[in-house]
Amino acid sequence: MKKYLIILLSLLCYGISAKNLGHRAGGGKKEYYSHLPENSLTALEHSIEGIQYRKDFLYLEFDIQETKDGEIVIFHDKYIKRMISYKQNKLELDRIYDELGLSSSSRKRHKVKIQQLTFSQLRRLHLTDHPDQLVPTLSEFIRVSKQQGLIKPMTVELKYIRTDAAKVKVIEMLKEFNESYMKNADIIFEKKYNMPFRVGFLSFSSKFKKIFGLNKKWCKLIKASGLHGVFKARSHVNLCN
C-alpha cells in the first residue's frame, strides 16, 4: 500500500512540475494564480513579476481572437459565458442584447460570441469577480510584456481569427515585437522548451485549417516575418511544414 502511495505522489508531483506555469498568462482555475482571471492583464503582471524566473515557467502563453470590428483580444472561449458573468454585468449585457437584437432563448442561455461584439461593446463588460479587469487586447499584452521585462518566450495561440486584415495585423504586431524587443532581450530558454522561436504561434490543427485554409501564402508570410510557422498545440509540430 505504501509503495502505491509513493508512486501516486510521484506522479502528482511530476504533473505539477511538468505544467507550464505561463499557460493562459498564469491565471485561472488550476493555474498558478488560480484567484486571478485567465488571460487577464493582472495575471500577466503577476506572472512576469513573480514566477517567470521559475524553470517550470517554460513560456508565456495566451489565446487570441477577433472581435466583430477586427480588434485582436485575449480570450480563450468562443462564447463569453464562462468568463463574463451575466449577473455581474446585467445592466450592460441587457443593453448589448438589445443592440444585437438577440432572441429570448439566446439571452436566457447567455449565448454570445466574442465575434458578435464590437470592441467597444466588449469593453463595457468585466471579467467575472474582477470588476477592474476587462478583456485585454494583444497590443496591451505586448506593451505590458515590454514594460515589465518578459524574459521567457511568448507563444500566441490562435483561436478565432476570421478576416485577412486581422491575420495581417497579428503577424505584423508580433513581427514588430520580436524585432524591437525579443531579439534584443536576454530570453531564457528552459531545457523543456522545444520550439525554435522567441515569439510565435500555437494552434490546434482544426483551428489552423479554419483560419488559414489551404492557402500557403499565410505560412510563407509568417516565416518571412521571422516567426517560424504555426506550431501544433501539445505536440509542437510545425503545421506550416
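The values are calculated or read from the model by the stated rules, or taken from the named source; none is laboratory data. Just so it is clear, the model here is predicted, and its values are computed rather than measured. For neighbour counting, all protein chains shown are included, and Cβ atoms are generated from backbone atoms with ideal geometry for every residue, glycine included.
Miscellaneous remarks
- Qualifying positions in the range 40-56 - surrounded by fewer than 24 Cβ atoms within 10 Å (Cβ to Cβ) and not polar (S, T, N, Q): L41, E45, H46, I48, E49, G50, I51, Y53, R54, K55, D56
- Residue identified as crowded, with 19+ Cβ neighbours inside 10 Å and either hydrophobic (A, V, I, L, M, F, W, C) or assigned to a loop (DSSP other than H, G, I, E, B) (or both) among L221, L227: L227
- Within the range 5-46, tally of residues that are part of a helix (DSSP H, G or I), modelled with pLDDT under 95 and under 25 Å from H236 (Cα atoms): 8
- E172 meets each of the listed conditions (1) part of a helix (DSSP H, G or I); (2) within 21 Å of R24 (Cα to Cα); (3) of a type in the set (D, E, K, R) apart from (2).
- Some residue of the range 169-186 being more than 24 Å from H46 (Cα to Cα), touching a residue at least 24 places away in the same chain (Cβ under 8 Å) and touching a helix residue (DSSP H, G or I) at 6+ places or on another chain (Cβ under 8 Å): yes
- All conditions but one from (1) touching a Leu at 6+ places or on another chain (Cβ under 8 Å); (2) under 24 Å from I171 (Cα atoms); (3) of a type outside the set (A, V, I, L, M, F, W, C) apply to Y59; the one that does not is (1).
- Each residue in the range 111-162 was checked for being hydrophobic (A, V, I, L, M, F, W, C) and not in a helix (DSSP H, G or I), and 12 pass.
- From the options R107, R82, residue that is part of a loop (DSSP other than H, G, I, E, B) and outside the structural domain of Q147 (by TED's automatic domain parsing): R82
- Identity of the residue in the range 57-95, free of Cβ contacts under 8 Å to residues at least 60 places away in the same chain and aromatic (F, W, Y), that ends up surrounded by the most Cβ atoms within 10 Å (Cβ to Cβ): Y86
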